[in-house]
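A.B. asks: Have a look at this one before I ask anything.
The values are calculated or read from the model by the stated rules, or taken from the named source; none is laboratory data. Since the structure is predicted, the reported quantities are computational estimates derived from the model, not experimental observations. Cβ coordinates were reconstructed from backbone atoms using ideal geometry, including for glycine residues, and neighbour counts include every protein chain displayed. Ligands, DNA and RNA are stripped out before the accessible areas are found, and what is left, the full protein with its side chains, is counted by its heavy atoms. Shrake-Rupley method; radii C 1.70, N 1.55, O 1.52, S 1.80 Å.
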Amino acid sequence: METNLPIVLLHGVGLDRSMWEQLSTRLSESSGRTVLALDLPGHGGQPRLEQPVTLAELADDVASRLPGRAHLVGFSLGALVAQHLARFRPELAASLTSVSSVCRRTPQEAASVASRLDNAAADFPGSVEASIERWFPAGSGTDAGTLDGIRSTLLANDQQSYLHAYRVFATADAEIGAELGAIAVPSLAVTGDQDPGSTPEMTRRLGEAIPGARTAVVAGTRHMLPVQRPDELARLITDFIYESNQDSHD
């Protein structure tokens, strides 16, 4: 019997649950489900990270705050956390959607993100501006108020806590990458066609690594897919959850 399980949204490094505001409303309307956005450890209303952490520790913390079994939607770092939960806590994951996710970085890709981590440690405000420019190039059409809100969220981070989280983002794809083949829940990977960090190639890798996973690439956008294309992303997630659960009756 249908129990209408909720959708849980997990944001990216340096952000918080507010990044989902546009998508959350549309997703609730299109799916008819409760949509819950959680802050990752060290972000938003959660205590700062006082020491280095692992992906497993981030996932365990999130697991303790889940409302039970849910459809997991993770963005960037949140996607790695969601993948870890789907692999090691499958009883909590009705489905897995990885939005703008990295996957099994090549040595060149690993070196690039390691350089961004070093830049954040050396010049945190400068690294925030570099992120904004990378995510929202000139002419992206994103309004100034939205950009200012994202910039403010990033700058409000405790720098050391941010670096602890960013280090997980920069390295944990190698850890979870070895486990992707054991994920057994229905899975979708989606990214923007112009995303320079979580590339369409990485989405293809995810689709090949997770058994039966679907993939989608959204035209005309970069990394911040939930902010730039909330209507299209809500439709993709809603259709995926509906179609993948026709037989399982979640």
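A.B. asks: Is it true that T97 is among the hydroxyl-bearing types (S, T, Y), more than 22 Å from V227 (Cβ to Cβ) and in contact (Cβ under 8 Å) with a residue 12 or more places away in the chain?
C.D. replies: no
A.B. asks: Additional query: Condition test on A170, is it of a type in the set (G, A, S), under 16 Å from G78 (Cβ atoms) and out of contact with any His (no Cβ under 7 Å at 6 or more places or on another chain)?
C.D. replies: Spelling it out, A170 is indeed of a type in the set (G, A, S), under 16 Å from G78 (Cβ atoms) and out of contact with any His (no Cβ under 7 Å at 6 or more places or on another chain).
A.B. asks: Return the total of residues in segment 203-250 being aromatic (F, W, Y) and part of a loop (DSSP other than H, G, I, E, B).
C.D. replies: Total meeting the criteria: 0.
A.B. asks: I'd like to check which helices (runs of 4 or more DSSP H) are fully inside segment 87-168 and have at least 3 residues that are modelled with pLDDT under 95 and of a type in the set (D, E, K, R).
C.D. replies: Because the criterion is at least 3 residues that are modelled with pLDDT under 95 and of a type in the set (D, E, K, R), the helices (runs of 4 or more DSSP H) in segment 87-168 that meet it are 124-135.
A.B. asks: If the Cβ limit is 8 Å and pairs must be 6+ apart or interchain, which residue in segment 117-132 that is farther than 15 Å from V13 by Cα pairs with which residue that is among the charged types (D, E, K, R) and surrounded by 14 or more Cβ atoms within 10 Å (Cβ to Cβ)?
C.D. replies: That search, which allows pairs on different chains as well, returns nothing.
A.B. asks: Please verify whether E57 is among the acidic types (D, E) and either touching a residue at least 40 places away in the same chain (Cβ under 8 Å) or closer than 24 Å to I241 by Cβ (or both), treating the condition exactly as stated.
C.D. replies: no
A.B. asks: Follow-up question, since we're still on this one. Before we move on, is P47 touching a residue at least 40 places away in the same chain (Cβ under 8 Å) and either touching a Ser or Thr at 6+ places or on another chain (Cβ under 6 Å) or more than 23 Å from S100 (Cα to Cα) (or both)?
C.D. replies: Criteria not met by P47.
A.B. asks: Another question, if that's okay. Out of all the residues in segment 158-172, is one or more among the aromatic types (F, W, Y), under 20 Å from S98 (Cβ atoms) and open to solvent by less than 40 Å² (accessible area, probe 1.4 Å)?
C.D. replies: yes
A.B. asks: Being aliphatic (A, V, I, L, M), assigned to a loop (DSSP other than H, G, I, E, B) and open to solvent by 50 Å² or more (accessible area, probe 1.4 Å) is the filter; apply it to segment 176-202 and report the residue that is farthest from G212 (Cα to Cα).
C.D. replies: Going through the qualifying residues, I end up with A178.
A.B. asks: Starting from segment 146-173, take each residue that is closer than 14 Å to M19 by Cβ and β-branched (V, I, T) and list its partners that are open to solvent by less than 20 Å² (accessible area, probe 1.4 Å) and not in a helix (DSSP H, G or I), counting only C-beta distances under 7 angstrom and pairs at least six apart or across chains.
C.D. replies: Pairs that qualify, where the first residue is closer than 14 Å to M19 by Cβ and β-branched (V, I, T) and the partner is open to solvent by less than 20 Å² (accessible area, probe 1.4 Å) and not in a helix (DSSP H, G or I), are T153/L15.
A.B. asks: When the residues of segment 71-123 are narrowed to those that are out of contact with any Gly (no Cβ under 8 Å at 6 or more places or on another chain) and of a type in the set (V, I, T), which ends up farthest from W20 (Cα to Cα)?
C.D. replies: T106
A.B. asks: Output the residues belonging to segment 217-250 that are aromatic (F, W, Y) and modelled with pLDDT of 95 or more.
C.D. replies: The one that is aromatic (F, W, Y) and modelled with pLDDT of 95 or more: F240.
Here's the yes/no breakdown for (1) within 18 Å of the chain's Cα centre (by Cα); (2) over 30 Å from L5 (Cβ atoms):
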position	(1), (2)
S101	yes, no
A122	no, yes
G145	no, yes
L154	yes, yes
V168	yes, no
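A.B. asks: List every residue pair whose Cβ atoms lie under 8 Å apart, where the two residues are 6 or more positions apart in sequence or sit on different chains, the first residue falls within segment 183-202 and is modelled with pLDDT of 95 or more, and the second residue, located anywhere, is among the aromatic types (F, W, Y).
C.D. replies: P186/F240; L188/F240
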